[in-house]
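Notes follow once the structure below has been shown.
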Amino acid sequence: MWIVLALALAAPDSARGYSGPTDAGHAAATPTRAETSSPTVVEPEPEPVEPEPETTADGARMVRVKTRPALTEPDRAGSVVTRRELDERLPRSAPDALRGEPGVFIQQTAHGQASPYIRGLTGQQTVMLFDGIRMNTSTFRQGPNQYFFTVDSRTIDHIEVVRGGSSTRYGADSLGGSILATPIGPSMDRPAKGKGPVVAHGRGSLTTATADAALGGRAQLDLSVLGKFGVVGGFGYRDLNQLRSGGPIREPSTGETQKVPPRFGPDGKTQLGTGFREFTGDVRAVGQLTPRDRVTVAYYDYRQRDAPRTDFCPQSTAPEDECLTYRKQYRTLVYGKYERERGPVWAEAVTLTASYQRQHEDRYLRRGDDSSTRRAGVDTVHTIGTALTIETKKFQLTPRVRLGGTYGADAYRDKVRSSATLTFIDTDTSTDDISQYTDGARYFTGGVWALAHADLTRYVRVRAGGRFAAVRSRAAYSEVRNSLAHRLYWITAVGHAGLTISPLEWLSFPVSIDQGFRAPNIDDLTSRQATGGGSQFENARLKPERSTLFEGGIRITQPWLELQFSGFYTVIRDHIQRRPATRDECPSGDLICGGSKFIVTLDNLDDLSRITGFDGGLRVYLPYDFGAAATISYTWGDGRNPRYDLIPDEDYRVPLSRIPPLNGAAEFGWRSSDWGVYLIGAVRWARLQDRLNPVDENDDRIPAGGTPGFVVGDIRAGYRFDPHVLLGMVFENVADTAYRHHGSSVNGPGRGLIVEFQAAF
């Protein structure tokens with residue numbers, strides 16, 4: 001028994017043999033074996049097969065459209081968005097694909113930018129992985145960022161959302177949750193008898209949307225050679241114009257139309273400061289070296305051009321013709337991956353990746369026509385990374401006890417290049433300006449981790465593990481910025497423990513505790529930038545923030561019903577938040593900071609911050625191919641008032657910044673299993689959010705008195721003839737409702753059509 005406990009404290013849960021919470025139920029425990037004196041290795045369970053249609057008493061069929069991918073951690077709160085759902089929803093971006101998922105709220109600073117909030121946290125406090133490779137860099141901001149937007153949703157097979165702290169497995173800084181995007185791979189089809197060695201599949205798609213006059217498409221080619229080598233690659237393009245909304249919203253405190261961005265055109269609905277162009281390209285080659293060994297080499301490139309930042313086109317206090325535009329928003333990812341299956345007992349499955357990622361931004365601030373200056377900035381982050389994940393076999397220690405584990409290591413190193421120029425129009429000369437980050441700054445984050453899971457009986461599963469994390473940050477003194485040099489190191493450990501009780505095969509009650517640790521990054525320690533709350537300057541003396549998550553829930557998995565519901569409570573110590581600052585605190589010589597109306601900096605809150613709430617999802621499979629689904633999410637957070645020392649008359653505790661309101665989604669529809677036709681009605685809604693942080697009250701993106709609630713209805717319809725033809729349509733915002741998501745600068749699209757046609761061979 002002591003051996004069982006020791007192993008349980010040293011390694012992670014394996015997703016094999018289990019299904020996702022609102023997807024398919026947990027697999028039943030392995031049948032007992034005759035007792036032996038040594039542990040028995042349990043052979044891997046067979047892959048799930050497509051379920052046969054079930055019938056009701058009157059003979060009507062209930063069909064699950066498709067077996068959903070199992071969650072990576074089946075006893076954690078989470079959900080999966082499949083490729084089929086992406087084809088039905090026709091999202092405008094990868095973040096848009098997550099709208100309506102339990103616990104996820106999408107903030108949109110600009111038409112070409114969007115950031116997922118998971119249980120009230122985003123940016124630095126959530127982790128995003130693409131094919132197991134960390135997308136987070138050391139320049140991720142304290143608030144929303146645009147980087148998940150740089151994943152092309154047309155290249156994704158499925159997206160998994162892990163809700164709640166998941167620091168042990170995905171990175172110590174995963175305080176709020178993790179997003180795991182899995183790309184499309186080559187089919188690896190074997191040629192038919194008598195045919196040549198190569199099997200080729202092509203696919204083309206054309207998409208248009210009326211709300212922003214968008215037009216784009218993708219061409220894709222999939223080649224397989226003898227089923228041993230496969231390549232899939234493609235390129236895409238989109239041109240999006242100004243986004244037409246349902247009109248301006250009304251400010252809750254005054255009842256008047258919004259004074260916050262965006263500005264509207266003469267029709268009162270078209271939003272100025274929107275529209276952009278994007279180009280994407282990718283190629284993925286897979287070689288099946290042996291039945292056990294596979295090698296993947298991949299390249300993904302995203303290039304966005306001429307995307308205005310809506311809340312700075314113009315800023316509320318700036319001339320009407322001033323605009324901040326992202327001339328370039330590029331992300332390039334190149335990596336290699338080695339996978340081995342059916343290995344030795346201690347390493348049944350091994351995955352090793354090595355990657356290079358480049359994030360590049362080119363910003364241009366066009367001042368008003370009467371201004372004699374222009375500002376531009378270029379920031380590039382080069383990241384080299386590696387990650388190793390090893391999964392053990394499952395051991396039958398006793399007739400009732402099974403044990404397995406996952407462990408690994410990861411390491412990522414950033415180098416930041418940052419520059420800025422100030423151009424004088426009259427003389428056509430330029431000079432160095434204050435860059436957004438300290439040029440040449442370097443950052444390292446990595447760790448080793450392990451998680452173990454054990455089925456103690458048919459009714460009880462336990463899991464435990466931990467991560468040993470290390471972070472290093474370096475930046476030199478900058479004479480132009482007059483910023484402090486720093487050399488900082490942090491070494492710590494975080495842990496995870498969980499228990500799942502399953503009194504019935506279809507019913508389970510999971511609970512868990514998860515610790516998190518996020519060290520200040522290059523953005524915290526060196527950045528100077530314009531934010532919604534004001535001009536922000538750095539704080540090189542920040543301490544790391546630490547979190548603890550307590551979570552419990554219920555899962556029901558029946559052939560006709562899937563339910564997942566969780567309640568959570570997160571506490572964060574030394575929480576890094578923006579606080580109002582004075583001009584006396586501005587760095588010496590920084591005229592932008594000194595001349596700003598609102599000035600903020602980052603600081604550790606002296607008291608604990610608390611985030612609590614609940615989220616969940618329900619799916620119902622009905623006779624005659626009908627089905628229904630619904631989700632709900634609620635988050636409440638508060639922390640110490642950052643202005644309390646300056647204004648003691650204010651409340652000691654205040655709401656945390658940009659916490660999403662109560663929100664959810666629901667749909668009811670018909671998906672014909674015989675004819676490939678589907679028709680779905682969907683509703684998205686959110687309540688008023690008037691709990692505002694003091695910094696939010698100065699945020700141009702938030703109306704006076706908060707962000708009003710909304711109810712928006714969509715109709716989805718289409719025809720699918722797999723795998724050759726897909727015609728999809730979304731009639732969005734049927735009532736032409738004026739609405740916006742809390743913290744956004746852009747109102748949601750007005751009434752319009754999104755249409756996509758796909759053809760393949």
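Just so it is clear, none of the values below were taken in a lab; they were calculated from the coordinates. Not measured: the values here are computed from a predicted model. Here Cβ is always computed from backbone atoms with ideal geometry, including for glycine, and neighbour counts include all displayed protein chains.
Among the strands (runs of 3 or more DSSP E) contained in region 347-417, which hold 1 or more residues that are free of Cβ contacts under 8 Å to residues at least 40 places away in the same chain and out of contact with any His (no Cβ under 6 Å at 6 or more places or on another chain)?
The strands (runs of 3 or more DSSP E) meeting that bar are 349-366, 373-391.
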| message | Can you go through 361, 320 and tell me which one is acidic (Asp, Glu) and under 29 Å from the mean Cα position of the chain (by Cα)? | response | 361
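For region 133-165, give me each residue that is under 26 Å from residue 564 (Cα atoms), assigned to a loop (DSSP other than H, G, I, E, B) and under 13 Å from the mean Cα position of the chain (by Cα). It would help to see each step written out before you state the result.
In the first step, residues of region 133-165 are kept if they are under 26 Å from residue 564 (Cα atoms); the result is 148, 153, 156-165.
Cutting the leftovers down to assigned to a loop (DSSP other than H, G, I, E, B) gives us 164-165.
If the condition is that a residue be under 26 Å from residue 564 (Cα atoms), assigned to a loop (DSSP other than H, G, I, E, B) and under 13 Å from the mean Cα position of the chain (by Cα), then 164 is the only one that fits.
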| task | For residues that are touching a Gly at 6+ places or on another chain (Cβ under 8 Å) and polar (S, T, N, Q), scanning just region 307-361, find the one that is surrounded by the fewest Cβ atoms within 10 Å (Cβ to Cβ). | result | 351
| message | What's the number of the only condition in (1) over 19 Å from residue 520 (Cα atoms); (2) surrounded by fewer than 22 Cβ atoms within 10 Å (Cβ to Cβ) that residue 391 fails to meet? | response | (2)
| request: Could you please let me know if residue 702 is within 30 Å of residue 613 (Cα to Cα), of a type outside the set (Lys, Arg), in contact with a helix residue (DSSP H, G or I) (Cβ under 6 Å, 6 or more places away or on another chain) and surrounded by 19 or more Cβ atoms within 10 Å (Cβ to Cβ)? | output: yes
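Considering region 439-454 alone, what residues qualify as being part of a strand (DSSP E or B) and either surrounded by 24 or more Cβ atoms within 10 Å (Cβ to Cβ) or small (Gly, Ala, Ser) (or both)? Lay out the reasoning, then the answer.
Pass one, region 439-454, residues part of a strand (DSSP E or B): 442-454.
Passing the criteria: 443, 445, 446, 447, 449, 450, 451, 452, 453, 454.
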| field | Among (1) in contact (Cβ under 8 Å) with a residue 24 or more places away in the chain; (2) more than 24 Å from the chain's Cα centre (by Cα); (3) over 15 Å from residue 170 (Cα atoms) - the single one residue 493 does not satisfy | value | (3)
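With touching a residue at least 40 places away in the same chain (Cβ under 8 Å), in contact with a His (Cβ under 6 Å, 6 or more places away or on another chain) and under 25 Å from residue 702 (Cα atoms) as the only criterion, which of 182, 274 stands out? Even if it seems obvious, please write down each step before you answer.
Values: 182 fails: under 25 Å from residue 702 (Cα atoms).
Being touching a residue at least 40 places away in the same chain (Cβ under 8 Å), in contact with a His (Cβ under 6 Å, 6 or more places away or on another chain) and under 25 Å from residue 702 (Cα atoms) holds for just one of 182, 274, which is 274.
Against the definition (crowded, with 24+ Cβ neighbours inside 10 Å and among the hydroxyl-bearing types (Ser, Thr, Tyr)), how does residue 93 come out, yes or no? Write out each step before concluding.
Numbers: crowded, with 24+ Cβ neighbours inside 10 Å: no; among the hydroxyl-bearing types (Ser, Thr, Tyr): yes.
Taking the combined requirement at face value, the residue does not satisfy it.
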| said: Please determine whether any residue of region 482-489 is over 30 Å from residue 591 (Cα atoms) and surrounded by fewer than 24 Cβ atoms within 10 Å (Cβ to Cβ). | reply: yes
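Out of everything in region 554-592 that is in a loop (DSSP other than H, G, I, E, B) and surrounded by 13 or more Cβ atoms within 10 Å (Cβ to Cβ), what residue ends up being nearest to the chain's Cα centre (by Cα)? Give the derivation first.
Filtering region 554-592 for residues in a loop (DSSP other than H, G, I, E, B) gives 559-560, 574-575, 581-582, 586-590.
Next cut, surrounded by 13 or more Cβ atoms within 10 Å (Cβ to Cβ) only: 559-560, 574-575, 581, 586-587, 590.
On the way: 559: 30, 560: 29, 574: 24, 575: 21, 581: 31, 586: 33, 587: 34, 590: 34 Å.
Of everything passing the filter in region 554-592, 575 is nearest to the chain's Cα centre (by Cα).
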| query | Can you pull out the residues in region 217-268 that are touching an Asp or Glu at 6+ places or on another chain (Cβ under 8 Å), in a loop (DSSP other than H, G, I, E, B) and closer than 30 Å to residue 281 by Cβ? | reply | 227, 241, 242, 243
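Tell me which residues, restricted to region 125-161, are in contact with a helix residue (DSSP H, G or I) (Cβ under 7 Å, 6 or more places away or on another chain), closer than 25 Å to residue 75 by Cα and not charged (D, E, K, R). I'd like the intermediate steps shown before the answer.
Filtering region 125-161 for residues in contact with a helix residue (DSSP H, G or I) (Cβ under 7 Å, 6 or more places away or on another chain) gives 127-129, 135, 138-145, 148-149, 153, 156-159, 161.
In the following step, the residues that additionally are closer than 25 Å to residue 75 by Cα were identified as 127-129, 135, 156-159, 161.
Listed by number, the residues that qualify are 127, 128, 129, 135, 156, 158, 159, 161.
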| note | Filter region 702-734 for residues that are of a type in the set (A, V, I, L, M, F, W, C) and part of a loop (DSSP other than H, G, I, E, B); the one that is farthest from residue 667 (Cα to Cα) is 704
| Listed residues 205, 224, 245, 253; which is touching a helix residue (DSSP H, G or I) at 6+ places or on another chain (Cβ under 8 Å) and of a type in the set (Ser, Thr, Tyr)? | 205
